[in-house]
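Below is one structure; the comments refer to it alone.
Each value in this text was obtained by applying a stated rule to the coordinates, not by laboratory testing. Since this is a predicted model, take the numbers as computed values, not measurements.
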Amino acid sequence: MHSKAYSIIEATKKLERYCAYQDRCHKEVIDKLKGMRMIPEAIDQIVIHLIQKNYLNEERFAKSFARGKFNIKKWGKNRIINELKLRQISRFNIATALKEIDTQTYDDTLDVLAKKRLAQLTESDIQKKRKKLADYLLYRGWESDLVYRKLRELIPNT
């Protein structure tokens, strides 16, 4: 299998389109350039160009990532934080991104998600039902204190 050799100009144009299509983080761009077999000096030059021309902006990426994963996938803050860390986003940008999520909307979303999941559970054993609901919400990245408060509200100890 032959992979195409790219000039810096071709690679830059390709990455401009890649970044214009949707916000990307530095790691995705660097991985893409490595996949195009670009040398480190060329990668640095292209990344600098993309930042200067505002194709690449980690803060903007982090904000749109957090908004999207919360609004569309209903992820909690822990899952969003972990996914941003995997993409090597700075603590500062992660904190900024989480401010995009309105506190009231966050609480309301947890409530809707928990009630919807609870309605789907057919488990008759109360403890097992609580565990299944907790596992589901924790996996989606909701903070444990919020999850356990919601469990006490929705499935009180009888």
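Once C-alpha pairs closer than 8 Å and six or more residues apart are averaged by separation and normalised to the residue number of the range 58-98, the relative contact order reads 65 percent.
Beyond 26 Å in Cα-Cα separation lie the following of the pairs Lys27/Lys150; Lys27/Lys74; Lys128/Lys150; Lys99/Lys132; Lys13/Lys73: Lys27/Lys150; Lys99/Lys132; Lys13/Lys73.
Per residue, the average separation of C-alpha pairs within less than 8 Å and at least 6 apart gives the chain a relative contact order of 21 percent.
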